[in-house]
Structure formats: structure tokens, C-alpha cells
Amino acid sequence: MKRWALLATVLSLVALATVPTPARAQAKDTLTVALVSHAPTLDPHMHFERVGILVNINMFDSLIHRNTKLEFEPSLATSWKPLSDTQWEFKLRKGVRFHNGETMSGEDVKYSFDRVLDQTKKSPQYGNIRAIKDVRVVNPETVHIFTDKPFPLLLERLVFFPIVPKKHVETVGDQAFGTTSPVGTGPWKFVEWKRDQFIRLEAFDQHWRGRPAFKHLVIRAIPEIATQVAEIKTGGVDIIRNVSADLVPELKTHPQAYISSTPILRVHYVELDMRSAPFDKKAVRQAANYAIDKQTIIQKLMAGLGRQAATTVQPMAFGFDPEVKPYAYDPKKAKELLAQAGYPNGVDITLHSAFIEFRPVFEALSQMLTEVGIRTNPRMWDPGPAWNKFLQTEGKATNGYYGSWGNYSVFDADAVLHPLYHTEPGGWIGKWYTRIEGLDRLIDEARSTVDQPRRKRTYSQIQQMIREEAPAIFLWTQFDTLAISKKVQYAARGDEWLWLFDAKPAAR
Amino acid sequence: MLTLLARRVVRLVVVLAGVSLVTFAILHVSGDPVSLMMPEAPEADRAALRQAMGFNDPLALQFGRFVRNIARGDFGQSFFHREPALPLVLHRMPTTLLLAVLAMGLSLGVAVPVGILSAVRRNSLFDHGATFAVFLGTSMPVFWTGIMLILLLAVQLRVLPVSGWESWAALVLPTLTLATFSTPLLLRIVRSSMLDVINLDYVRTARAKGVSEWFVICRHALINAALPLVTVAGLQFGLLLGGAVITETVFAVPGVGRLIVGAIRQLDFPIVQAGVFLLALIVVLVNFAVDMLYIYLNPQIRVR
Amino acid sequence: MAIGTLAPPLDAAAGAERSAERSRAWRKLVRNPAALAGAFVLLVVIAAAGFAPYVAPQDPTRQSLIRRFTPPIWAEGGTAAYPLGTDQVGRDILSRIIHGARVSLIVGVSAVVVSLLVGVTLGLLSGFLHGRVDTAIMTVVDVTLSFPQLLLALAFVAALGPSLLTIIVVLGLTGWERYTRVVRAEVLALREKDFIEAARAMGASPARLVLRHVLPNTFSSIIVMSTLQVAQAILQEAALSFLGVGTGSAYPTWGNMIALGRDFVSVAWWLPTFPGLAILLTVLAINLVGDRLRDALDPRIG
């Protein structure tokens, strides 16, 4: 008998040791946001995941900020001007404090750039600012940034380039900086991070913009969508993102929540393999474009939250040419083109997608292709090892894949054209697929000058070329849809950011 | 007795070695983690990283390295978290164990009384009803049970929180979900063990002597049921750990299962290896404990 | 001729005993209403699976964007063309459930066949060859049992890429140990009775031993275990679909219908609920029948 008692006592003690701590009551001054996961680190330079970026922007500032109209606004830099094609001057804001009390200066700016450009640190963001050759501190309030070639995307890239405190990071080390003591200049400061559960932040009283409306910010990691939706309905969470279009009608009229949706850069496309049949023939690629009834899909499957796209260059990006028109829905023409290309009885293809949230869309467009004679076998892959194999065999297992591209919130045509179509190594997948004569040269031309009107003309040329050659089935740009508790006032942004400084308790 | 112990320990080590080998094999066959770590980097950079991480060495060499490291407690650095893998896994292990233990506890807490009653009132409405109700739980996919419970108890009736692991109340739904999984089998065992003893002579004699019927029944039944119950509960524990993977995802519980599932998707070798190794270790230890308990409870084996 | 004089009498006696046992079991089974109900459900499911193309009212893969999220016939907005409603791309749920029966059963039964082949063979090898081979095989059993089964399946499917074949192989390879143990135990029991020595001395081949003695004695246990494993395999396929490593194709399985429909449960409850019911009824039926089968074949229970 005694043995059982002992066992029971031991087990109870073990259980108590692992007991979860009771949560603080859901106070009125706490804003709770749900993401599907946390980034592996809070160090803003050492990851490149959207969920990480969303947390970082609330803890760290960059040199430039975007307002709700998506225009550039001074942030840690109060003004900037180009001194030459390859040199920019930034004047820094005075009296900005880090969360630990230290004052921000040019040294911190230089340090931040250096640590990403330092290849031994292996920052995943290196590729984005590779063009920056050097950062020089002219005086504590002025820095000069040198690029090796004219870099038209410089300002864009500086919108998400958080500035970190040099002394603090050097003292605690990179590891601790990313896990237990991240310090920035942003509206909220770090309190605690329980892995896979939540990140707790507290308002920073000395933030240079003033205090945010909510005293506490909790960012929870909830991987399951159904659970997130249940949480927003019961008030357990105040904001969830990536709400499926099908849930919009219900949440729009829900007593506890409302929907906020806005167009974003993210563009959808089906990249076609031009190296092999049947998509080596332009006529077939164009036929595929004519076969899709984009409007119906947008209305029926996306609750109208999408805009047809003529090419992969988004309307919100610099360089977009509205004169280039999207392919119309014309199944008859599609069949004609198919027959012209030598497939009067149709052809069989396989398409690939890892885009789980848009699976119904993928299946619908596969059906539309089948109806004009391009008999499609749609395959859904779980992102992960199988997808990885696909990458390694250079996508030869399939005729095309359904992808999306968000430009990493850079509102410039180069940010989608270069990664998707330029044939130099590095960049995103699908690079193997596209072979358009002369496209590389044009892309290089457009990115090696800062003369914006000239760039615009080149981008018009590129868009016409791409539309004609149809290396992809061009689809649409999507919206970012948030579900927000009625107790909170906030609006979705066109750059997919959760800039929670703007969130306020709703007026009673 | 000591040789028995020694033999079991040897078996433990061998099984763990086998487990590591299988994990190692699966992961290395499945793809190139470097491409997932640096999808946008030029191939030259990736090839360099592969070389640096030793992926180009022959597999036997890599495995040997792996075994030597775990003997030192070093499972390597997680590719994505950039921290040692073992502490990351250990940090979450108590959560998963707590969930599994609570679920097992709930299962036993339901299975024993209901099983006894079912046997005593054999073929009655209660018996059939209990069998049916309990089998219901085991006939639905675990994630579906979880989602249904969320919808019913959290969203509709608002009596419990939807997800998380931050309060005692939040423990209820995940435990309940997982327990529906293991209760049926345990109930059957209690019931059939009861049926075995209920008509035995010594039970009848005791009844004739006027000893309280319940006392007799429970005591003898439990003793008889203890052996198979303990064995099966041990086996079930392994299944529960597997079911915890699903439950943790549905209820956003910060446990090992969720971590490993994410790591499998990202081909984060060190975490998968550390996690699976530790889970297997626990299962083996639990079975070991069960074996020892079995021997203790069953005098016949001890004598042999 | 070499079969010898020893085998036939034992065969006959054992055979007679076994058939008496079986008819007793059958009678026990038939008398139980729950088991009968379960058996009926299973027959319906098997028939649906077998005659799917003839029974299903629509093509399970035909989409109709205008008709998406049509509710079941008895709800407002439902139509007779889609008795159980339509899914997120307008496919008929009833037809998908009928065709899904096919895939779910194929997955379940094939996985069990794989398990049986592997498990029984290893059990026989283990028992007959004993010594090192036995130890090796039992160690492999221990190793397999120590793995959290779902994680093993997930890792394999993730590694090999989702497809029907992969799922079947993976589920088969994570369930064979139980058969090995039973078969091995039977062989060891026969060995203990010196049966094997004697039979070999008579010149009986191992194959005959297996077919005439080992397998028949383990038959009842194996039957019960296989039926329960089919149920388990159906549930595991659903779990794998939930984790995103299901069959990957547009062809319906009950598991992936629930997994994909779960996100819409608040706007279109019929999407995951009906396949959920299908799994529930089928697995429940299998469990009930299998359970009573076990009772019936177990001579201990009065």
C-alpha cells in the first residue's frame, strides 16, 4: 500500500512541476493576436518568415516607415536624399531611446547593416541588401549608404530593415538577443516568450511616437485555423489573419467580430514549364490563359476579394502598366489555339500546388483547363520534403505549379520580375521554367538605373513581352483579410503588415 | 532477478539504437534540408553548406558520428532554431507527458468503474450502452473529436477555453479528446477480467460467507484485471503519445508532438531525431516499468 | 506418401474440434443484435464501395462553382440533385462518400494485407528458425512498437511523397507486430509439445505444418486483429490527411473529406460531418463485429 502512496506522491509532484501558469485575465488594455506559428528567433536579422516580421515590426523600427496610404514616412531617419547614383544620405532622428534606455545613433545603424552584410553571420536577409557596399557614420545623426551599383530598390528595402542596439547585442551575444533579450526602439518592449505558446510584449513608455493605445500585446501561436476561428468567436483572441474567403460572410455578421480586407501585392500565377511539351509552344500557353474564367473564380471562390492580373506585375507596384490588358475568358479561342498548336484532341498535363488555403481555387482552375482540352491532373503537395524533392529535380515532375509572390512588401516591379524570371542563379523556383529571349537584358536594364521614368518605360516593355509570351497562366492579386474583435479598431494594410501601433480600443 | 534486469537493460539499449537508425534512415532518404533552409540561395552557397554540415560524407560515417554524439547528449543544433536540439525537445516534453498521463488517468478513471459495472450487469442496457458510448469515442478521428468538442463546449456552451495551455481549464478539452482514444480497450479488459472471476468458486464462497458483495467483487476483479490492464496501459501509452501529436496541433498545446511535426516538414533533422529518440526512450522505459510491475504483481513468474 | 502416419489422426481430431468451435462461435455471433447491426452496416459499405459508379448519383469529381456549398436536401436551399449537399467546389457529397468508401476500404484492407504478409512471415521465421533470427526479429518488433506510430507514418509519407500506395505501405508497415507475436507464440507452443520435431521426423514439410497447424490455430486471433486493424487504418488515413500528408489527389477519401472540410464547419457543417458519420458508422460497426467475434471465439466466456 505504501508503495502506491509513494508513487502517487511522486507523480503528483511531477505533475505540479509542469502545471501551466494561470493566465492573466483578458484585460481591456491587452491586445491578443493569433499567428500560425512563431519565427525561430526574435532577432529581426536572422530569419525571413512573415510571422517573424509581423512580430519584429512592433518591437523594432527601421529607417523608413510606410503609412496607411503606403507612402514613405520618416521613422528612425527624418530625411534622406541621394548624393549620387550610388550614395545616399540619411539624417537620423534625435533622442530615440532603445528599450534598455540607451540612445540610438549612427553607430547602431552601421552595426545593423554590418551584421547582415557579414556573411559569417549567415543572415537570410543578406540577398536583399547585397547591393549595399558600405555604411559610413558621418556624425551621430548622419549616415551615408553606398551601393555598388545604382540600386533603385534601396528605399523599399529600408522599410523593413530593423535597427538594433550595437552595445547591447555585443554584450549579450546574438543567441541571447534573439531569445531572451531582444531590444529595439519599437512601440512595444519584450516581456517574455513561451515557445509555441505566446510572445508577451508591453508598451514602451518612451517610444518616440508616443505610447501605443494598448498596454499589453500578446502574440499567440495557434497552428489550426478552425481553432483560431473559434478563438475569435469566443473573444479569446482579437485579431486573426489570412481568413479564408468562405468564412468571410459568417464572420462579417458575427456579433463579436468584423472583417477588414484590403488588396495587397500578393499575386497568384501558374508558372508553366517552357522547356518541354506542351507548354513549349506559345499557342498552348496562351490557350491556357484563355481557358480560365478568372472573374467567376474571384467572385465565387474568393468572395470577390481579388483583382484580375494581366501579368505578374501588380497594380500596386511601381512600374505597373495599366495599358497591358489581362487575358479574357474565351474557351473557344483556347480550343482553337490548342488545335493550331497541334493538339486537336487535347493534351494531358500535371499541375502542382503547395498552396493549401487556395486548394479549391486550384481544383477549379484545373477543371476549367480540362474543359478546353488541357486535361489536368492536379496534385497538392504538403510544403516540406516532398516539395523539396520537386525543387531538387528542377520541377521536371510536373508541367506547372501554382504559386504566389508577395514581393516581401517591396512595391516595385523588379521585386517580382527578377526573382521569378531572371535566369541568373539564386532567386525563387520556376526559374528553370522560363525561357524568354531578351527578358534578362531588359530586367537588368531596369534595375541598374535610378531614373524612374526610364525604368517605367522598360517595365512597360517587359509587361507587354510577358503577356504575349505567357510564361505563366496569369491569375489575380489577392486581398489580405483579417478578422478583428469588435472591441478593437484596426484596419488591414496593403503591405500585409500588422502595425499594431495603430490599433485602438473601439469606442464604446 | 538481476539477470532479468540486465537482459532488459540490454534490450533497452538495442532498441534505442534501432530507433535512432530508423529515424536517421528515414530523414536522410527524404530529401535535402539545405534546400529548405536556403531556398533562394545560389546553388554554390548551398553546396558549400552541405559540405560544411557533413552531408556529403558516406551515410555510415554520418551515422557513426550521430551515435557518438548522442552518447554525449549532443543531438546537434536545430537547423531552424539555431539552438541545441535536445534542450528544445526537453523543454516541451513535460507538457506532452502531462497530457498523456492525464488522458491515461481519465481513461482508467472511467474504464475501471464502468468496466466493473458492465460486467456485473452483463448484457443489460447499461452494458450495451456503455460499450456503445465508449466505442463511439474510438470510432472518430482524434482531430475531429477535438474540433467537435471545441465547437460544443467552447464555442456553443462557452464553458471552457478554446485552446492554449495556460490554465487548468485549458487542460480539460485536450485531455478529454485524447482519453476518448484509449478508454474503450481498457474498458473491455476490465470487463472481461471481471467476467473471468465473477463466477469463480472463491467468489461464490465469499458471498456465501456473507462478506459484502461489492468488496469481494472489486477486490478480486481488480487483482485479476491488474495484470492485463497494466500491460495494455503500457502499450496504450505509446499510442497516446502518438495521438498527442494531433491533439497538440488542434488545441495549440506547446508540446513535443507539435514541435516534431513541424520539424519533419522542415527536415530539421536534429529536432526530429532528438524528439523521436526521447519519445521512444519514454515508451521503452514505460514498458520496462510495466514489465517490472507485471513481475511484481504476478508471483508465478517471479518464482520461475 | 512421406506425410506419414502421425499427421492424419491428429489432423482429423484437431479439424473436428475446430469446426465445432467455429459453428459455436457463429451461433454466438448471430444471436447478438449489436454485432448483427454492425455486420449489416459493413455489408452496405462494402456494397457501396464495390458498386460505387452505379450507385453514386453524380460524378464525384465534377465541380460546379455555382452550386458550391449547397446544403443538404432537408435544409433551406437544398435540392434533390445533391441530397447531402455539395462541397467547396460544388461536388456532390453523397457521391463522394460512396466513392470514398472505395478508397477508404482499399486503404484499410490493403494495409492489413501488407501487415499480414510481413507479420505472419516474420512470425513464422522467428518461431521456426529461433536463435539469432528470432532475437533479431523480436528486436525489430520492439523498435517498431517504441515509435509513436503516427510520427513514423508521417515521417515516411513526408519522405516518400503523398500517394495512395505510400499510405498503404506505410500503414501496413506500422501494424504488423501483433501478427508476428501471435504466430510466433503459436509456433513456440507447438515446439513445446515436441510436435514439430515429431512431424519433421515423419518427413512433414514446414509448409504443411504451417498450413495445417500453425495458421488454423491462430486463425481466430488473426481474424479479430485484422478487422480491428482495418478500422484503425481508416482512422489513421484521416489523421494523415489532417496533418497534410494524405493521398494528395482530388479523388475523395473519407479522411481527406473531413480534413479538408473542417475549416468550413461553421459555414457548411455538412462538409465534414457526413464523411465523419461515415467513418464513425463503419469503424463502429467493425469494432462491434470484431469485438463480438473475439468474445465468440474465446471459449472462456460462458
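Quick note: the coordinates plus some simple rules give every number you see, no bench work behind them. As the structure is a computational prediction, the values presented were derived from the model and not from experiment. Backbone-built Cβ (ideal geometry, glycine too); neighbour counts: all protein chains shown.
Structure data summary
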| quantity | calculated |
| --- | --- |
| Candidates per trypsin sites (Lys or Arg not before Pro) in the stretch A:181-242, loop by DSSP, up to 16 other Cβ within 10 Å | A:ARG195, A:ARG209, A:LYS215 |
| Semi-axis lengths (Å, descending) of the ellipsoid that matches the C-alpha gyration tensor of the stretch B:57-131 | 49, 15, 10 |
| Set A:LYS69/A:LYS456; A:LYS252/A:LYS333; A:LYS28/A:LYS121; A:LYS252/A:LYS332 screened for pairs whose C-alpha atoms are more than 32 Å apart | A:LYS252/A:LYS333; A:LYS28/A:LYS121; A:LYS252/A:LYS332 |
| Net charge over other residues, Cβ less than 14 angstrom from the Cβ of B:VAL112 (K, R count +1; D, E count -1) | +3 |
| Order of A:ASP246, C:ASP59 - criterion: other Cβ atoms within 10 Å of each residue's Cβ, fewest first | C:ASP59, A:ASP246 |
| The stretch C:232-238 - phi-based ³J(HN,Hα) in whole Hz, Karplus 6.51/-1.76/1.60, Gly and Pro as x | 4, 5, 4, 5, 5, 4, 5 |
| Under Karplus coefficients 6.51, -1.76 and 1.60, residue-wise ³J(HN,Hα) of the stretch B:78-88 in Hz, glycine/proline x | 4, 5, 9, 8, 6, 9, x, 5, 4, x, 4 |
| 20 Å Cα-Cα threshold exceeded, pairs from A:LYS233/A:LYS486; A:LYS91/A:LYS189; A:LYS300/A:LYS335; A:LYS81/A:LYS167; A:LYS81/A:LYS110 | A:LYS91/A:LYS189; A:LYS300/A:LYS335; A:LYS81/A:LYS167 |
| Cα-based equivalent ellipsoid of the protein assembly as shown: semi-axis lengths in Å, sorted from largest, via gyration tensor | 56, 35, 29 |
| Order of A:SER260, C:SER115 - criterion: other Cβ atoms within 10 Å of each residue's Cβ, fewest first | A:SER260, C:SER115 |
| Taking C:ILE137, B:ILE295 and counting other C-beta atoms within 10 Å, the order from fewest to most | B:ILE295, C:ILE137 |
| Net charge of Cβ neighbours under 15 Å - reference B:THR131; Lys, Arg +1; Asp, Glu -1 | +3 |
| Amide hydrogen neighbours beyond the local backbone of A:LYS189, cut-off 5 Å, H modeled | A:GLU202, A:ALA203, A:PHE204 |
| Amide H contacts of A:LEU63 (H built 1.01 Å from N, under 5 Å, at least 5 apart or other chain) | A:LEU76, A:PHE161 |
| Relative contact order (%) - criterion: Cα under 8 Å, at least six apart; region: chain B | 27 percent |
| Per-residue mean of C-beta atoms belonging to partner chains within 10 Å, peptide B:16-26 | 4 |
| Loop GluC sites (Glu not before Pro), the stretch A:322-375, which have at most 16 other Cβ atoms in a 10 Å radius of their Cβ (DSSP) | A:GLU323 |
| 9 Å beta-carbon shell around A:ALA472, net charge (K/R +1, D/E -1) | 0 |
| 5 angstrom amide H check on A:SER37, placed H, neighbours 5+ away | A:ILE222 |
| FRET efficiency, 1/(1 + (r/R0)^6) with R0 25 Å, evaluated for A:GLN489 and A:ASP205 via beta carbons | 0.70 |
| Rg/Rg_ref, the stretch A:52-114, where Rg_ref = 2.2 N^0.38 Å and atoms are Cα | 1.21 |
| R0 of 22 Å, Cβ-Cβ distance A:GLU336-A:ARG375: FRET efficiency to nearest 0.05 | 0.80 |
